[in-house]
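Comments concern the structure below.
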Amino acid sequence: MNHRNIDINISKETSAMLKEVTPFSMQVVRPAGIALDRLPDPAQVIAPGSQLWDVIRGFRQMGLHTLYLPKHVGGLADGLDPMATILLNEQMGYADAGLAISMGVSCMPFALAAMIPDPGLQQLARDFCEDKEGRLIGCWAITEPDHGTDWFLGGANPKCAPGVVAELKGDEYIINGEKSAWVSNGTIATHAVLHVALDPSRGMQGQGLAILPLDLPGISRGKPLDKMGQRPLNQGSILFQEARVPKKYMVIPHPDFMNEAAKGGSGLATVNGGTAIIMAGLARAAFDEALQYAKKRIQGGATLFEHAPIKLKLLRMFSQVEAVRAAVRRMGLYNRQNPAAPAVAHAVAAKCLATETATQVASDAMQIFGGYGLAKEFPIEKMFRDARTSMIEDGVNDALAIKAAEFL
Ligand SMILES: Cc1cc2nc3c(=O)[nH]c(=O)nc-3n(C[C@H](O)[C@H](O)[C@H](O)COP(=O)(O)OP(=O)(O)OC[C@H]3O[C@@H](n4cnc5c(N)ncnc54)[C@H](O)[C@@H]3O)c2cc1C
């Protein structure tokens, strides 16, 4: 569809990448998302032969999984026009938000591994970059059944300490506890970025961070989660029962280091900034569907588009989508170029704005479609469910806003 990119500073390389990714996103990712969304059992989404694997392989074969990894491990990040990751992620969100999130989360443990000067972790990052089949899949395991918002607002309150606890015994950590069914890629991931309690008496400020393989003894998974929106995104719990994890995997082994790292808010900015870009894509997709439909559907002897109230609604939706795209691009460009000191409040504001706009625009699009907007046969009801889900994803928007205010 012809939604113009009016940014004038898009490089030839970025335009060429977008030109390559757009057909993949619309011919492979969009139809896969629709088909996976309709599967009644979320276990079918991850079954061998499911279209999820076509998406993962296609994404890998284009090298898109390496966008955030540096050149020294085989990634594309160094020297890449910062606008490229923004436009490519927006396009993935345009095609299917849940699958875009799955692909994005997948690189997290490996991108982090590339930053740690341990030869084993460097090799892991290299293996990920070389993996064109989806043998290595990552997840970010933070939420627990009893601790969701606590991760953002819990502070030093010992009543809010993480339930997944790691105890150092000799050269190993013994890990016990459960990460919740909301972990994206939770049942298919081979590796995790894992948040643990090292000192529960310090509440959420007693944390450490591990990058670990999930095939170690004592680690098991729950069932894939059945949910309302972003159904193509696999989610599920990870259980630790006396899991013995070699010490080297605890990449942040002391709460003081973790608290120091958290002060700059780069984790919060990265995760929220990424979601914002994807959801700007979803907002644009819902608008485009509404516009296209309004130009075809005839009521009162004319197309819907010819009726002034519909034109007004469409222009308002268009303004909202363009405002979000502009805010997200500005934030994304700044943060890509300032990874050590990102604009945290801007990233969280962009996440809240993009998810709320995507939900509003999808709802308005549903209104333009009338009854057909509610029918599974048309794309809008899925887009609405996907968008609404994003207001809870990566932190409930209100809780994120309270946290982000600390960075104003
Ligand atoms: C699509 C999707 C993908 C996700 N992906 C991941 C993932 O990859 N990894 C992962 O670990 N997690 C993931 N999550 C989990 C997500 O981060 C949590 O759902 C979110 O942080 C909220 O936690 P909760 O669901 O336990 O809600 P709760 O924390 O129980 O919050 C419930 C309500 O109470 C409010 N509330 C809670 N505490 C306070 C407080 N102190 N003050 C004021 N209000 C409060 C909240 O704002 C919210 O409205 C994902 C979630 C979704 C929906």
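Can you list residue pairs whose Cβ atoms sit under 6 Å apart, with the first residue in the range 368-391 being part of a loop (DSSP other than H, G, I, E, B) and the second being open to solvent by 30 Å² or more (accessible area, probe 1.4 Å) and of a type outside the set (Lys, Arg)? Count only pairs 6 or more apart in sequence or on different chains.
Phe378/Tyr372
For the range 204-252, enumerate the residues that are more than 15 Å from the ligand (Cβ to nearest atom), open to solvent by 20 Å² or more (accessible area, probe 1.4 Å) and hydrophobic (A, V, I, L, M, F, W, C).
The answer is Leu216, Ile219, Val251, Ile252.
Six or more apart or on different chains, Cβ under 6 Å: which pairs go from a residue in the range 145-157 that's touching a residue at least 12 places away in the same chain (Cβ under 8 Å) and within 25 Å of Arg221 (Cβ to Cβ) to one that's more than 7 Å from the ligand (Cβ to nearest atom) and among the small types (Gly, Ala, Ser)? Could you list them?
These pairs meet every condition: Asp146/Gly163.
For the range 375-405, enumerate the residues that are within 9 Å of the ligand (Cβ to nearest atom) and open to solvent by 50 Å² or more (accessible area, probe 1.4 Å).
Hits for the range 375-405 are Ile392, Val396, Asp398, Ile402.
From Asp398, Asp386, which residue is in contact with a helix residue (DSSP H, G or I) (Cβ under 6 Å, 6 or more places away or on another chain) and acidic (Asp, Glu)?
On the way: Asp398 fails: in contact with a helix residue (DSSP H, G or I) (Cβ under 6 Å, 6 or more places away or on another chain).
Matching residue, one of Asp398, Asp386: Asp386.
Go through the range 297-327 residue by residue and tally those that are hydrophobic (A, V, I, L, M, F, W, C) and in contact with a Ser or Thr (Cβ under 6 Å, 6 or more places away or on another chain).
Selection size over the range 297-327: 1.
Can you give me the ranges of the strands (runs of 3 or more DSSP E) entirely in the range 87-195 with at least 3 residues that are under 17 Å from the mean Cα position of the chain (by Cα) and within 12 Å of the ligand (Cβ to nearest atom)?
Of the strands (runs of 3 or more DSSP E) lying wholly inside the range 87-195, those with at least 3 residues that are under 17 Å from the mean Cα position of the chain (by Cα) and within 12 Å of the ligand (Cβ to nearest atom) span 138-141.
Just to be sure before I move on: is Asp37 farther than 30 Å from Leu124 by Cβ and assigned to a helix (DSSP H, G or I) in the structure I sent?
Working: farther than 30 Å from Leu124 by Cβ: yes; assigned to a helix (DSSP H, G or I): yes.
For Asp37, the condition - farther than 30 Å from Leu124 by Cβ and assigned to a helix (DSSP H, G or I) - is met.
Scan the range 58-93 residue by residue and report those that are of a type in the set (Ser, Thr, Tyr) and open to solvent by less than 10 Å² (accessible area, probe 1.4 Å).
Within the range 58-93, Thr66, Thr85 qualify.
The values are calculated or read from the model by the stated rules, or taken from the named source; none is laboratory data. As the structure is a computational prediction, the values presented were derived from the model and not from experiment. Note: ideal-geometry Cβ built from the backbone for every residue, glycine included; neighbour counts use all protein chains shown. We work out accessible area using only protein heavy atoms, side chains counted, and drop any ligands, DNA or RNA first. Shrake-Rupley method; radii C 1.70, N 1.55, O 1.52, S 1.80 Å.
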